[in-house]
Amino acid sequence: MTPPERYAFGASVRPLLVPKHDPCGMLRDGEFWLSVRTPEGPAALHLARAAGDLIATGHGPGATWVVDRADAIAGLRDDLTGFDEMAAGNPLVSRLAKTFAGVRLPATGQVFPRLLRAILEQKVTGKEAHRSYRAICRHFGEPAPGPADLVLPPDPAAIAASAYWVFHPFGVEQRRTQALLRAAAVAARLDRCADPAEATTRMTALPGIGPWTAAEVVRYAFGDPDAVSVGDFHIPNTVAWALAGEARGTDERMLELLEPFRGHRGRVCDLFALGGIGAPKFGPRMPVRSFARF
């Protein structure tokens, strides 16, 4: 595969991994690994740069499936049509779009693994959620094909068959666990969704899954550049500060300010994150807790 000019490989695929350590993938020394459960069986994808090209190698029974999707997983199917014209209307967005022009939005085609992570990230700090994610992957995971020493994402059937109290030692309370069990029970149906709109409709029909969770999923499962995480603790403030100089914002104000970028609203939010843009902070940070000790 031949990436576009200025393609930022690491920055494009890094969002697919939980920070610091992900049992199901890694990015190290310019090489990327990701384990997946494909319709054809378990697989691991290896991506590496070589003389300006991007080389994809698949391992396991699902190797053909994952290699066929390698360009999407690397973000090479990301469509930026019309975004430069939108960005030109705002000096900050225009500057960030030029600075991070090489960052592309990946699309894994895998709904449930991202939904697992998004449910765990509901209403808790990132550290808490990612600690739970690693523990669940290690508990339910099976060795992935290939030499990278990864585990496969948890089998939805195994999660759906578990009692809610199984997740207590992983730091997940009953409310999030029940949402996860409901999602696992219909995971096959979710993976058959044709587009972000259908997936969003099906996910938000499940109790415990709202617009924030759905947006976090379709952004990376389908590469949806318009997915806005409504209900986020930080993003409305960030958008209000970046686009209007207002230290605090609501979801309604955020959507109003992002309307000129419709079609790429989520991309604009991502650019603010890449650029380190953040609203002024007031008050203490949320403490890192462990529900497993309750």
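The values are calculated or read from the model by the stated rules, or taken from the named source; none is laboratory data. Not measured: the values here are computed from a predicted model. Note: ideal-geometry Cβ built from the backbone for every residue, glycine included; neighbour counts use all protein chains shown. We work out accessible area using only protein heavy atoms, side chains counted, and drop any ligands, DNA or RNA first. Shrake-Rupley method; radii C 1.70, N 1.55, O 1.52, S 1.80 Å.
Quick notes on this structure:
- Carbon plus sulfur fraction of accessible area for the chain, probe 1.4 Å, in percent: 55
- Whole-number Å³ per residue for the convex hull built on Cα positions in the chain: 131
- In straight-distance terms, cross-link reach from K123 covers every one of the aspartates and glutamates whose alpha-carbon lies under 13 Å from its own, apart from those fewer than eight places away in the same chain; here that gives E173, D232.
- Its residue count N fixes a reference of 2.2 N^0.38 Å for region 35-178, and the Cα radius of gyration divided by that reference is 1.28.
- Candidates A97, A161, A279: whichever shows maximal mean-square fluctuation once the chain is modelled as a Gaussian network with Cα springs under 10 Å: A161
- Rg/Rh ratio calculated on Cα atoms of region 49-128 (Kirkwood radius): 1.08
- Each Lys or Arg adds one and each Asp or Glu subtracts one; over the other residues with Cβ under 11 Å from the Cβ of A279, this totals +1.
- Normalised by residue number, the volume inside the convex hull of the Cα atoms of region 191-234 is 67 Å³ per residue.
- Label-point separation in nm, R262 to H139, each point 7 Å along Cα→Cβ: 4.4
- Two numbers describe the Cα atoms of region 1-91: Rg and Dmax, which are 14.8, 49 Å.
- Potential extension, K123-K98 segment - 0.36 nm per residue separation minus Cα distance: 5.7 nm
- P(r), alpha carbons of region 115-193 - 10 Å bins starting at zero, rounded %: 18, 52, 27, 3
- Accessible surface, 1.4 Å probe, highest first, among residues I55, I277: I55, I277
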